[in-house]
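**Q** For reference, the structure I am asking about is given below.
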Amino acid sequence: MNQFKIVMVGLDLSPLDEVLIAQIKSLSGILGIEKAYFVHVSKNLILPESVSKTYPDLIAPIDETIKTEIEHEIEKVKPALDIPFEILVKEGNAQETMLRWSKIKDIDLLVLGRKKIKSLSDSLVNNLTQKYPHPVLLLPENEQPLKIKNIFLPIDFSDHSRVSILLAREIAEITGAIIQCCHLYEVPKGYSKTGKSFDEFSGIMLENAKEDYSKFLGKNKFPELPCTFILKQKKDEADNIMKQAKLNQSDLLIIGSRGRTKSAALLLGSVAEKLVNSNHEIPMLVMKEEGENMNFFEALFKI
C-alpha cells in the first residue's frame, strides 16, 4: 500500500492526543505510513508583554513549550514510534492553517480525533473532513489499540464504492480482516399504482439490488463479498449504516465520498456528511478520488 505515505495528525493538547499517537503507531504498518506530521494550531502563541516583563522566567516560548508537551506524549508510545516524524506548532485559524500546511507538506492522509461526547472540536473536524481534498481518517477516543478484524463498507455500486473495496481488500490482506458490505435500497413513491403491496414491491426492489450487486462485483472482477441489504424507510441512511456497523462489531468503516460539486463548499455527499457528524464510536476512513474537490482547494489558496 503506497497511497498513505505521508500523514498529518491534528493534536489539541487533550488526552485524545495520546490515543492518536498510539493509533498512528499501530496503523503505520497497515497503511504504509512513511512519515507523520503532528500539528497543533493555536490562536495566539504570544505571551502578553505585561506578563513576560513581570515574570521573565515564567515560561519558555509558548510554541517551544507546546512542542515539548507533544514530544513527551510521543515518548509515551511503547515501543517507540518507528517512523520519521515532525512536530509543527502554528498560530492562526485552525482550519485554514491545517489546510495550508497539508498542501505545503503534500499530505496523503489527514488524521483527526473524535471525542466520545460532542465538543467544541466537532465543528473543526467536520469542516476539515468536508474541505480537505484527500482521504481523512477519523479516530474515536478509544484507549484500546486499534485491531482491524471487521471492515464495514456502505456501497452504492458507484466508482466510489469500487475505490473503497480496493482499499478494504488491501487492508484485509495485511490484517486478515473480514469485509462486510452494506447496501440500502428503497421502495419508490407511487408503487401502489402498480397494483402491488408495499411488501411485494420491496421484495422486487431487494432482488433488483442483489442483481445490481452481482453485476457490480463481476464488472470490477471482485470476489464474492458478503453484503447486507437494508430497506430504507423512515430512518436516515446514516442511522441505518451506523446501526448495522455496530451489529457487525465493525473496527473500521470505509466510506467513499460523493462530492456534489468540485467547487462548492459542500464537498461531501449527504450520507458521508451525516456519518462524519454523528459517528464518534467507530474509526472511519473517508475516501476521496484523486483530484476530486481540488478546484475548491486550489481556489482557497489562490494557486
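The values are calculated or read from the model by the stated rules, or taken from the named source; none is laboratory data. For clarity, every value in this text was computed on a predicted model and none was experimentally measured. Positions of Cβ are backbone-derived with ideal geometry, glycine not excepted, and every protein chain shown enters the neighbour counts.
**Q** For the range 187-205, enumerate the residues that are within 15 Å of K234 (Cα to Cα) and among the hydroxyl-bearing types (S, T, Y).
**A** Selection gives S202 alone.
**Q** Also, I was wondering about something else. Between a residue in the range 76-89 that is more than 12 Å from S28 (Cβ to Cβ) and any residue that is modelled with pLDDT under 85, which pairs come within a Cβ distance under 6 Å, given they are 6 or more apart or on different chains?
**A** Here the result reads V89/D63, each pair linking the range 76-89 to a residue that is modelled with pLDDT under 85.
**Q** Determine whether P154 is of a type outside the set (D, E) and surrounded by 17 or more Cβ atoms within 10 Å (Cβ to Cβ).
**A** For P154, the condition - of a type outside the set (D, E) and surrounded by 17 or more Cβ atoms within 10 Å (Cβ to Cβ) - is met.
**Q** Hey, another quick one. Quick check, is E173 of a type in the set (D, E, K, R), touching a residue at least 24 places away in the same chain (Cβ under 8 Å), assigned by TED's automatic domain parsing to the domain that holds N240 and at negative phi?
**A** no
**Q** For the range 136-177, how many residues are more than 16 Å from the chain's Cα centre (by Cα) and either part of a helix (DSSP H, G or I) or charged (D, E, K, R) (or both)?
**A** So the count comes out to 13.
**Q** Test K103 against the criterion of being in a helix (DSSP H, G or I) and either in the same structural domain as N279 (by TED's automatic domain parsing) or not polar (S, T, N, Q) (or both), and give yes or no.
**A** Against the criterion (in a helix (DSSP H, G or I) and either in the same structural domain as N279 (by TED's automatic domain parsing) or not polar (S, T, N, Q) (or both)), K103 qualifies.
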